[in-house]
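*Asks:* I'd like to ask you about the structure that follows.
The values are calculated or read from the model by the stated rules, or taken from the named source; none is laboratory data. Being a predicted model, the structure only gives us computed values, none of them experimental. Heads up: the accessible areas ignore ligands, DNA and RNA and are worked out on the full protein's heavy atoms, side chains in. Shrake-Rupley method; radii C 1.70, N 1.55, O 1.52, S 1.80 Å.
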Amino acid sequence: MKDEEIEVICNAAEEAARNFILSKIPLKHVEDLDLTVEAIGDKPLSLTVEVAVETELENSVLQTLMDEATDAAFAAAERKVRELELCELSSD
């Protein structure tokens, strides 16, 4: 897997997480949004996604949204890998 392909996958994951959070929390209520997508290796590629949001929402609601944004990031990364035909993915 090329560095450019890994970057495209990470960008897709980050964009999906950002879009998810901003679809649930109006931008004016987001005090801080920190998204990190880290790729390790290439075959297999391992991604780590971290989503941190500062807002006035209750912690339990916010934690659920951050977990869902993380799931959206992984789903977007998987879609991008399939789109780029980089490997066979199992559908467990």
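*Asks:* Quick one: Debye curve from the C-alpha atoms of the chain, no solvent, what's log10 I(q)/I(0) at q = 0.21 Å⁻¹?
*Replies:* So the normalised log intensities work out to -0.95.
*Asks:* Lys2: which lysines have alpha carbons under 20 Å from its alpha carbon, excluding same-chain residues fewer than 8 sequence positions away?
*Replies:* Straight-distance partners of Lys2: Lys43, Lys80.
*Asks:* Give the angle, between 0 and 90 degrees and rounded to the nearest 10, that separates the Cα long axis of helix 3-24 from the longest principal axis of the Cα atoms of the chain.
*Replies:* Long axis of 3-24 versus the principal axis of the chain: about 30 degrees.
*Asks:* P(r) for region 1-47, please, calculated from all Cα pair distances in 5 Å bins and given in %.
*Replies:* Over region 1-47, the share of Cα pairs per 5 Å bin runs 4, 20, 26, 17, 12, 10, 7, 3, 0 percent.
*Asks:* Just to confirm my numbers, what's the Cα centroid distance between region 32-92 and region 3-17 in Å?
*Replies:* 10
*Asks:* Ok, one more. I need the phi-derived Karplus couplings for region 48-56: 6.51 cos²θ - 1.76 cosθ + 1.60, θ = phi - 60°, integer Hz, Gly and Pro marked x.
*Replies:* For region 48-56, the Karplus curve yields 10, 10, 10, 10, 10, 10, 10, 7, 8 Hz.
*Asks:* When the accessible area of region 1-91 is split by element with a 1.4 Å probe, what percent falls to carbon and sulfur?
*Replies:* 46
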